[in-house]
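See structure below.
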Amino acid sequence: MLGEGALRDGAVAVVTGAARGIGEAVARALTRAGARVAALDVDTERVERVAAGLGTAVAYTCQVADSAAVDDVIARVETDLGPIGLLVNVAGVLCSGPAVTIGDEEWARTFAVNAGGVFHLSRAVARRMIPRRSGAIVTVGSNAAGVPRTNMAAYAASKAAAAHFTRCLGLELAPYGIRCNVVSPGSTDTAMQRALWTGEHDARTVVEGSPATFRVGIPLGRLAAPEDVADAVLFLASDRARHITMQDLYVDGGATLRA
């Protein structure tokens, strides 16, 4: 059982995409809360550096789009660290551009990582949680999954698939006491967000909105920090959320008007 407002000391948590951005912030938050984190990423050098900085975390190289690799790494995590009590799916890729120009390979890769990765990790971990009748899974999605975005069709569709899969999984796992929830960030100050910018005023444009692209600004007047998203994940992983499952928590400063 998770302690009130925090993870039980030594609880094993798997975090994908832990080498940077939101994934790194989640790994840090969980470590501070007492969890022992298995930090997964394709970037071996960077994820090892992040894990070393956290002290109790252990780095694993894993391509989440590879089902066999995922099954292998989850087995190794349980051998090395013990039974997994929490999975946080963060790993993702961004493919931007008009829908009519997206190539087949770009589309397939986006879904393989953003949706397939969530499926592979969640399936592998859930199979181990079911006999123990406990655990929590949190998928970090995107507010783009719920509101159409120009030039983000592949990304938005893949995140919508991941979010709905997580909710369906939550319905199936509820009888075993396993909770599955989604955290959907809006524009967050990460390398992925900055890769979309082309000028010095792009951050302000995101906050203010863009009528030309049918995009509402951010009512709270600021980009999210990765830690804002990590705090939401930590809440849903904790016992304070013990009666919450199949929910999608938007952390976007009101940017979608929760449409």
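The values are calculated or read from the model by the stated rules, or taken from the named source; none is laboratory data. Keep in mind that this is a model prediction, so the values were computed, not measured. Heads up, the Cβs are rebuilt from the backbone with ideal geometry, glycines too, and the neighbour counts pull from every protein chain shown.
When only residues in the range 211-259 that are free of Cβ contacts under 8 Å to residues at least 24 places away in the same chain and part of a helix (DSSP H, G or I) count, which is surrounded by the most Cβ atoms within 10 Å (Cβ to Cβ)? By that ranking, first place goes to PHE235.
Of all residues in the range 167-189, those being of a type in the set (Ser, Thr, Tyr), under 19 Å from the mean Cα position of the chain (by Cα) and within 18 Å of ARG128 (Cα to Cα) number 0.
Return the residues of the range 26-53 that are assigned to a helix (DSSP H, G or I) and either closer than 15 Å to ALA13 by Cβ or hydrophobic (A, V, I, L, M, F, W, C) (or both); say none if nothing qualifies.
VAL26, ALA27, ARG28, ALA29, LEU30, THR31, ARG32, VAL47, VAL50, ALA51, ALA52 - these are the residues of the range 26-53 that are assigned to a helix (DSSP H, G or I) and either closer than 15 Å to ALA13 by Cβ or hydrophobic (A, V, I, L, M, F, W, C) (or both).
Put simply, of ALA112, ALA99, ALA91, ALA154 the only residue that is touching a strand residue (DSSP E or B) at 6+ places or on another chain (Cβ under 6 Å), modelled with pLDDT of 95 or more and of a type outside the set (Val, Ile, Thr) is ALA91.
Can you find, within the range 6-25, the residue that is modelled with the lowest pLDDT among those that are part of a loop (DSSP other than H, G, I, E, B) and of a type in the set (A, V, I, L, M, F, W, C)? Reasoning before the result, please.
At the first step, the residues of the range 6-25 found to be part of a loop (DSSP other than H, G, I, E, B) are 6-11, 17-20.
Then drop every residue that is not of a type in the set (A, V, I, L, M, F, W, C), which leaves 6-7, 11, 18-19.
Details: ALA6: 52, LEU7: 62, ALA11: 94, ALA18: 98, ALA19: 98.
That would be ALA6.
Residue-by-condition table, conditions (1) closer than 30 Å to ARG127 by Cβ; (2) in contact with a strand residue (DSSP E or B) (Cβ under 7 Å, 6 or more places away or on another chain); (3) not basic (Lys, Arg):
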residue: GLU172; (1), (2), (3): yes, no, yes
residue: ARG179; (1), (2), (3): yes, yes, no
residue: ALA212; (1), (2), (3): no, no, yes
residue: ILE218; (1), (2), (3): no, no, yes
residue: ASP231; (1), (2), (3): yes, no, yes
residue: ASP239; (1), (2), (3): yes, no, yes
residue: LEU249; (1), (2), (3): yes, yes, yes
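Collect the residues in the range 6-43 that are under 20 Å from ALA124 (Cβ atoms) and not hydrophobic (A, V, I, L, M, F, W, C), keeping them in residue-number order. Listed by number, the residues that qualify are THR16, GLY17, GLY23, ARG36, ASP41.
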